[in-house]
Amino acid sequence: MKIVCIGGGPAGLYFSILMKKARPEASIEVYERNKPDDTFGWGVVFSDETLSNFEAADPETMAAIRREFVYWGRIDNFFRGEVVSSEGHGFCGLSRKRLLQILQERARGLGVELCFQKEVRAADFEQTHDLIVLCDGIHSPEREARAALFEPDVDLRPCRFTWLGTTLPLEAFTFIFEQDQSGLFMVHAYPFERRPDGTALSTFIVETHEDTWKRAGLDRADDAATVAYMERLFAPYLKGHRLLANRSIWRRFPRVKNARWHDHKHVLLGDAAHSAHFSIGSGTKLAMEDAIALAAACVRHPRDVPAALAAYQAERYIETVKLQRAAQTSCEWFEHARRFLQQEPLEFTYNLMTRSRRITHDNLAQRDPVLVEKVTRRFAERHGALPADPKLPVPPPCFVPFRVRDLTLGNRLVVSPMCQYSAPDGVPTDWHLVHLGSRAVGGAGLVVVEATGVEPEGRITLGCTGLWNQTQADAFRRIVEFVHQHSRAKIGIQIGHAGRKASCELPWKGGKPLTDARAWPTVGPSALAFDAGQPVPRELSPADLERLIERFRASARLAVAAGFDLVELHMAHGYLLSSFLSAASNQRQDAYGGDLARRQRFPLEVARAVRAELPDGMPLFARLSASDWLPPGEPGTTIEESIDTARRLHEAGVDVIDVSSGGNTPRSKIDYGRMYQVGFAEAIRFGAGVPVMAVGAIQDADQANTILAAGRADLCALARAHLSDPYLTQRAAAQYGYTALPWPEQYLAVKPRG
């Protein structure tokens, strides 16, 4: 078997080692256009888990690497004149140059042919080699030459960074957040070399925002000018040590994805296939784990290269996607770091530590229980929830009460409104009593009734609840009274109008628009169907809008009469109020369409009208679709628009913004994942200065604690998790040893004791 690797970085070298070790008879060549010791950057970082993978793949290489490592278990964060440290993190650093030397020596020892300072192309080996490994880096010419095959997606992130070194002997992974007259600069630094003479080297990456970079004049700076600027700025931290440059130009990080990694004999490896932002330090890890997987696949399929390459991608793709999602989330945290600058150093550090969603509250507590105990105590203290008796346990963030107007929620776990499609004529039944009642009894701080139509034509389906007559209000009162009598939970109702997404079949019967005698005409801001083949709604006239405002008023009055603790306006997911806000669905030319202010007009009129019907002490929530998840430049709701809308809703009397996304157009490209909408909640909380409720694949109390303690939201709404477990809150209280959560008297026999 003849194999060629185009690119002599860690990916190509490590693959050649593993393959030659497994198949000594194979002819393997590695071509690198640079010199053997040419390299960009300074050090690389690996976790303990990654090292175990290397050990299993090739103990000889691992033994050589291990002798060079610098280990640390602490992370230091310098912020606002303080340093907050976190222990319990197992990492090690190594000079990238030394890593390449080790891999080169091992490859030569096994008989791999290494060729440096030689430019080659994959086409040169088409007729002679069985496998062509394309590992020519993040800017891979070979990948771009086969763009039609691999379908690369390269996203240049907006921040600028420069990769420096320093003689400062760091003892921990170090973050520094420092401001000058130009703006915020962020440092990612870690040790990677300690010499026998006592000197040391550390990586010192500086990241900043584009506007700050320009104001500082760094867009015109060479290596020397960059070093001089950074040495002045970070002088208190460098303690007299120098910064060092190595092709340290200011770059934008390219996030690389490829739809396909291989064809019949070409395969992408390492950065050529994918990249992960340096803030989680996984680029080299990914490259070398790719090499392990590719070599293993080739061994399993010794006579079938296409099968081997397919197996390689199948094994690595999902893991890579997960890590890239974490890296992207981490990357975006630094892109938006300025929104957190008013946080206290402790809260800011916790926010930083949990930024990628890979480390959660419970995971961090295992690593560093002291830090988490401090964060938990401080959160409770800020919200007046420290126990009077210091011997009593401090409540975890999700069990700290939340007060809004005259209403106090006993905890911050919310049962999200979830349509049950089981209400004939809009009247809730015993199903709703049990559905909502059981979750209230289960300990949730708040339960919210599903999307409830303010008129018959405002329902999504014929099974949806309504609140336009007394019969419905009386049925809801029965549920409200049960919740209040048998639990400490509060109960709210979400009222809205389905607009152009009304008149549909029940979901378990397909959910498509009705086409028989049961169907009714739909309405919207514009005569635009939601999707091809669906009914075109009638465009609402100004008179129609006035009538609908009165419908919302009437529904709010009925909600008050039924005893609800709060009302939520449904302004999300493409239903009527949401469709007015989005340029993807609102193409009106009158006072209710056009620019954002005019698109906001009708939802704001509804909000003011409903607010006027509620007692002063009764909260009003509003659920927003914060983004339509459309490409830049395509008309649709953006997070920037939603920040403005949230601010205006707050001025109109809305107390809490329930932050969701999507639903206005089938063209949305939603990037699903756990806690995937929390970034929108965070943006609105900090950008508009209003309390927010986060929702969207929040799976448990651990994730809720993570969101709350980091300051990303004030409440957490869980939907599917509550469907799966009505007693989620009670179970969480037991897990955390929180015994102050009230239990129904009927269940006291099984309540955990302190």
Can you compute the FRET efficiency between residue 264 and residue 672 using 1/(1 + (r/R0)^6), with r the Cβ-Cβ distance and R0 = 41 Å? Round to the nearest 0.05. 0.80
Could you tell me whether the stretch 65-209 comes out rounded, prolate or oblate from its Cα gyration tensor? Rule is a ≥ b ≥ c as square roots of the eigenvalues, rounded for a/c under 1.5, then prolate if a/b exceeds b/c, otherwise oblate. oblate
Of every Cα-Cα pair in the stretch 1-118, the percent that sits beyond 26 Å: 30 percent
Lys/Arg Cβ at +1, Asp/Glu Cβ at -1, dipole of the stretch 444-579 taken about the Cα centre: which of 519, 494, 573 is farthest positive-ward? 494
Here, residue 598 and residue 127, labelled 7 Å along Cα→Cβ, have an inter-label distance in nm of 6.7 nm
P(r) histogram, all alpha-carbon pairs of the stretch 2-334 included - 10 Å bins from 0, percent: 5, 26, 33, 23, 10, 2, 0
Mean residue ellipticity at 222 nm from the helices of the chain, using -39,500 (n - 2.57) per DSSP H segment of n ≥ 4 over the full residue count, to the nearest 500 deg cm²/dmol? -11000 deg cm²/dmol
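Assigning unit charges at the beta carbon (Lys, Arg +1; Asp, Glu -1) and nothing else, what dipole magnitude in debye, to the nearest 20, does the chain show about its Cα centre? If you can, show how the numbers build up before the last one.
On the way: 90 positive and 91 negative charges, 94 e Å.
So the dipole magnitude of the chain works out to roughly 460 debye.
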Residue separation between residue 724 and residue 171 times 0.36 nm, minus their alpha-carbon distance, gives in nm 194.5 nm
Relative to the longest principal axis of the C-alpha atoms of the chain, give the angle of the C-alpha long axis of helix 305-335, reported between 0 and 90° and rounded to the nearest 10°. 60 degrees
Label model pair residue 554, residue 751: point-to-point distance (7 angstrom along the Cα→beta-carbon line) in nm is 4.4 nm
Degrees, to the nearest 10: 10-22 long Cα axis against longest axis of the chain: 70 degrees
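Test of understanding: what is the full-extension gain from residue 210 to residue 469, defined as 0.36 nm times their sequence separation minus their Cα-Cα distance? Spell out each step's value before the answer.
Numbers: separation 259, 0.36 × 259 = 93.24 nm, distance 5.59 nm.
Full extension of this stretch gives 87.6 nm more.
If we count other beta carbons within 10 Å of each Cβ, what is the order of 38, 406, fewest first? Don't jump to the answer; show the numbers that get you there.
Values: 38 15, 406 11.
By the 10 Å Cβ count, ascending: 406, 38.
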Between residue 640 and residue 27, how high is the FRET efficiency from 1/(1 + (r/R0)^6) when r is the Cβ-Cβ distance and R₀ = 60 Å? Nearest 0.05. 0.60
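With a ≥ b ≥ c taken as the square roots of the eigenvalues of the C-alpha gyration tensor of the stretch 12-58, please select rounded if a/c is under 1.5 and otherwise prolate if a/b is larger than b/c or oblate if it is not? Present the calculation step by step, with values, prior to reporting the outcome.
Numbers: a/c = 4.45, a/b = 1.06, b/c = 4.20.
Oblate shape, in that a/c is at least 1.5 and b/c is the bigger or equal ratio.
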Extension gain (nm, one decimal) between residue 149 and residue 220, 0.36 nm per residue minus Cα-Cα: 21.8 nm
A 19 angstrom limit on the alpha carbon distance is what I want to check against. Which of 97/322; 97/265; 322/669; 20/97; 2/265; 285/322 exceed it? 97/322; 97/265; 20/97
Estimated translational D of the stretch 508-553 in µm²/s (Stokes, Kirkwood radius over Cα pairs; 20 °C; 1.002 mPa s): 174 µm²/s
Give me the percent relative contact order of the stretch 2-334, please, defined on Cα pairs under 8 angstrom at least 6 residues apart. 22 percent
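For the stretch 229-365, what is the Kirkwood estimate of the hydrodynamic radius, computed as the reciprocal of the mean inverse distance between distinct Cα atoms, to one decimal in Å? Kindly include the intermediate steps, with their values, before the conclusion.
Working: mean 1/r = 0.0559 Å⁻¹.
About 17.9 Å, per the Kirkwood formula over Cα pairs.
Based on the alpha-carbon set only, what is the convex hull volume of the chain divided per residue, in Å³?
On the way: hull volume 142.3 nm³, N = 754.
Looking at the chain, the number lands at 189 Å³ per residue.
How big is the equivalent ellipsoid of the stretch 623-754 along its three axes, where each semi-axis is √(5λ) from the Cα gyration tensor, reported in whole Å from largest to smallest? Mind dumping the intermediate values first?
Values: eigenvalues 221, 54, 28 Å².
The equivalent ellipsoid of the stretch 623-754 has semi-axes of 33, 16, 12 Å.
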Against the longest alpha carbon principal axis of the chain, how many degrees, from 0 to 90 and to the nearest 10, is the axis of helix 369-382 turned? 30 degrees
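Each value in this text was obtained by applying a stated rule to the coordinates, not by laboratory testing. This is a predicted model, so every value here is computed, not measured. Positions of Cβ are backbone-derived with ideal geometry, glycine not excepted, and every protein chain shown enters the neighbour counts.
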